[in-house]
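A.B. asks: Take a look at the following structure, please.
The values are calculated or read from the model by the stated rules, or taken from the named source; none is laboratory data. Given the structure is predicted, the values throughout are model-derived calculations rather than measurements. When we count neighbours, we look across all protein chains shown, and the Cβ atoms used for this are built from the backbone with ideal geometry, even at glycine. We work out accessible area using only protein heavy atoms, side chains counted, and drop any ligands, DNA or RNA first. Shrake-Rupley method; radii C 1.70, N 1.55, O 1.52, S 1.80 Å.
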Amino acid sequence: MAVATRLTAMQEKKLQNYFGGKRFTPLYKASVHEFSGSNCLKRCCGQGPTLMVIYGGCYVWGVYIRENYKRDDTVPVVLFAFQENEISECDVGAHSPSTFLYEYSVRCSNSLGFFLNLREKKATVSLDTAEKLGLPQDQPISLEECEVFRCEDLLDKRTMKGITQLHERLLHDIKTYSPYGGLVHQIRILLLGPTGAGKSSFFNSVKSVFRGHVTHQALVGSDTSGVSGKYRTYSIKDQRSGNALPFILCDSMGLGEKEEGLCMDDIVYILKGHISDRYQFNSTKPITPGHSNYIDNPLLKDRIHCVALVFDINSVEHLSRDMMAKIKKIRRELIKCGVAHVVLLTHVDSMDLISRGDLGDIYKCMLVKPKLETVHRELGFALSDILVVSNYTSEWELDPVKDVLILSALGQMLWAADDFLEDLPPEETEIKEEESPSV
């Protein structure tokens, strides 16, 4: 029988993070398995580290035992309590579980500082401990429910093994990827989004994954003006073979408020392949034919095959009306041109309460789901076209958990570009022959 917890989703998340990124598995619930210390110990001993949560009135508090234990083992014990949505703790030293379950105690030792009597639904806590935890001074404290959870690392050895295997498979799939029909040798992916959204950081992160160490080729800025004033096209080489990988990431000037940032008319020129690498953007006027960076007759290989609209996940719910209007206008143009496009949400690791363990299954994270729903509702993107990544911004070492998110997002962009190429009319795919050298 499934046992539901009385913890709110936010309380559970805070406890998981507070005790080091844990997954909770229900072991005991007093209202289901009887208010009995004996039953509690039978179900919880030998199950690994456990978290006991006690509910009484407006108070939610409990006991954390960080080691596996038997009934009479002496193990480190920590008391905790929620105080205005924050967690406080009190380390009460090493004790045996059978000691603080009052019905098993031969005599009460004042050194412990607390006792539980599940049969009588009462708890006794020393005044000093109660004060530290914000619990009532009137003793004993009545309890309405008691739950115990097994605590396991979100990223245990088994999970990390699966992540490592997925990491290797994604690397192989992208390295050996070939664009649809051989129409082009490399897919061009354009990164568009507000200033500071993480476009340049995404390129740096992708390059880092394939180079095997963290790199920062593209300059990244934190001020509102950004640093990507030029159009850059980045081809990445495989660390082992030295061959160019089958994609090019195109970084652009950030979108600004009102007339600031990337000139909207330049976007069409980029999509159609008229703008070459290192073009210096001008916010007030677009590129014109005759400019040294203007390509008069772009080939299919020069065009954009997929666009990633990049947003900071922390601010996606607070985009201004003007920015929303710009994004919707860009999307209409993308649809008109038939260019594949996805949304890329960055900075997920900087969200409140997000832990490294959450990154392993980020699309099921309760904190991330509302963000995905906002993009789906406000911008009309299918949930399957909304990708989430954690870029490398301040780290010195690569993390396979982050790598998998980055590689998964890149892979989705390549598959989307394949759809674009497959859907091209015959007269446009004939350009392929112009690109191929004569024999």
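A.B. asks: When the Cα centres of the stretch 228-251 and the stretch 62-81 are compared, how far apart do they sit, in Å?
C.D. replies: Taking the Cα centre of the stretch 62-81 as reference, the centre of the stretch 228-251 is 52 Å away.
A.B. asks: Once a ≥ b ≥ c are taken as the square roots of the eigenvalues of the Cα gyration tensor of the stretch 362-421, is the result rounded (a/c under 1.5), prolate (a/b larger than b/c) or oblate (a/b not larger than b/c)? Don't skip to the end; give the middle numbers.
C.D. replies: Working: a/c = 2.53, a/b = 1.22, b/c = 2.07.
Oblate, because a/c is 1.5 or more while a/b does not exceed b/c.
A.B. asks: Using a 1.4 Å probe on the protein heavy atoms only, what accessible surface does Asp251 show? Give it in Å² to the nearest 10.
C.D. replies: Asp251 exposes around 0 Å² with every protein chain in place.
A.B. asks: So what's the net charge close to Lys285: Lys and Arg +1, Asp and Glu -1, counting the other residues with Cβ under 12 Å from its Cβ?
C.D. replies: Residues close to Lys285 contribute a combined charge of -3.
A.B. asks: Dividing the alpha-carbon Rg of the chain by 2.2 N^0.38 Å yields what? Each step should come with its number before you reach the end.
C.D. replies: On the way: Rg = 28.2 Å, N = 439, 2.2 N^0.38 = 22.2 Å.
Ratio of Rg to 2.2 N^0.38 Å for the chain: 1.27.
A.B. asks: Would you mind telling me the antiparallel percentage of the DSSP bridges in the stretch 132-276, rounded to 5?
C.D. replies: 50 percent
A.B. asks: Of the cross-linked pairs Lys285/Lys326; Lys29/Lys364; Lys230/Lys301; Lys326/Lys364, which ones have a Cα-Cα span greater than 22 Å in the structure shown? If you can, show how the numbers build up before the last one.
C.D. replies: Details: Lys285/Lys326 16 Å; Lys29/Lys364 26 Å; Lys230/Lys301 20 Å; Lys326/Lys364 30 Å.
From the list (Lys285/Lys326; Lys29/Lys364; Lys230/Lys301; Lys326/Lys364), the Cα-Cα distance tops 22 Å for Lys29/Lys364; Lys326/Lys364.
A.B. asks: Going by the alpha-carbon gyration tensor, a ≥ b ≥ c the square roots of its eigenvalues, is the stretch 84-206 rounded (a/c under 1.5) or, if a/c is not under 1.5, prolate (a/b greater than b/c) versus oblate? Spell out each step's value before the answer.
C.D. replies: Working: a/c = 4.72, a/b = 2.84, b/c = 1.66.
Here the stretch 84-206 falls in the prolate category.
A.B. asks: Can you say what percent of the DSSP beta bridges in the chain, counting only those with both residues inside, are antiparallel? Round to 5. Write down the numbers at each step before the final one.
C.D. replies: On the way: 48 of 69 bridges.
Bridges in the chain are about 70 percent antiparallel.
A.B. asks: Would you work out what percent of the accessible area of the stretch 303-439, with all protein chains in place, is carbon or sulfur (probe 1.4 Å)?
C.D. replies: Numbers: 3270 of 6560 Å².
Here carbon and sulfur together make up 50 percent of the probe-accessible area.
A.B. asks: Something else: How large, in percent, is the carbon and sulfur part of the accessible surface of the stretch 1-64 at a probe radius of 1.4 Å? Walk me through the numbers before you get to the answer.
C.D. replies: Details: 1410 of 2640 Å².
Within the stretch 1-64, the accessible surface is 53 percent carbon and sulfur.
A.B. asks: Excluding residues fewer than 8 places away in the same chain, name every one of the lysines whose C-alpha is closer than 18 Å to that of Lys70.
C.D. replies: Within the straight-line limit of under 18 Å, Lys70 reaches these lysines: Lys42.
A.B. asks: Given H placed on each backbone N at 1.01 Å, which residues far from Arg188 in sequence or on other chains put an amide H within less than 5 Å of it?
C.D. replies: Amide H neighbours of Arg188, under 5 Å, 5+ apart: Ile248, His305, Cys306.
A.B. asks: Let me ask you something else. Take the Cα coordinates of the stretch 1-158, assign each an equal point scatterer, and use the Debye formula without solvent to give log10 I(q)/I(0) at q = 0.10, 0.13, 0.15, 0.20 Å⁻¹.
C.D. replies: Debye output, listed in q order: -0.31, -0.55, -0.75, -1.47.
A.B. asks: Also: Sorting His305, His213, His341 by accessible area (1.4 Å probe), largest first, what list results? Numbers along the way, then the final one.
C.D. replies: Working: His305 0, His213 90, His341 30 Å².
Per-residue accessible area, sorted high to low, gives His213, His341, His305.
A.B. asks: Using the heavy atoms of the protein chains alone and a 1.4 angstrom probe, what is the accessible area of the chain per residue in square angstrom? Present the calculation step by step, with values, prior to reporting the outcome.
C.D. replies: Numbers: 21260 Å² over 439 residues.
Per residue, the chain has 48 Å² of solvent-accessible surface.
A.B. asks: Largest first, how would Arg71, Arg377, Arg188 line up by accessible area (1.4 Å probe)? Write down the numbers at each step before the final one.
C.D. replies: Working: Arg71 100, Arg377 150, Arg188 40 Å².
Greatest to least solvent exposure: Arg377, Arg71, Arg188.
A.B. asks: Working with all protein chains in place, sort Glu152, Glu373, Glu427, Glu145 by solvent-accessible area computed with a 1.4 Å probe, largest first. Let's see the in-between values first.
C.D. replies: Numbers: Glu152 60, Glu373 85, Glu427 120, Glu145 10 Å².
Final ranking, largest accessible area leading: Glu427, Glu373, Glu152, Glu145.
A.B. asks: For Lys371, what accessible area in Å² do you get when you roll a 1.4 Å probe over the heavy atoms of the protein chains, rounding to the nearest 10?
C.D. replies: Accessible area, nearest 10 Å²: 30 Å².
A.B. asks: Using helices alone, I'd like the mean residue ellipticity at 222 nm for the chain: each DSSP H run of four-plus residues gives -39500 (n - 2.57), total over residue count, nearest 500.
C.D. replies: On the way: 14 runs with 137 residues, N = 439.
The helix-only estimate for the chain comes to -9000 deg cm²/dmol at 222 nm.
A.B. asks: Whenever you get a sec, compute what percent of the accessible area on the stretch 230-282 sits on carbon and sulfur atoms (1.4 Å probe).
C.D. replies: That share works out to 42 percent.
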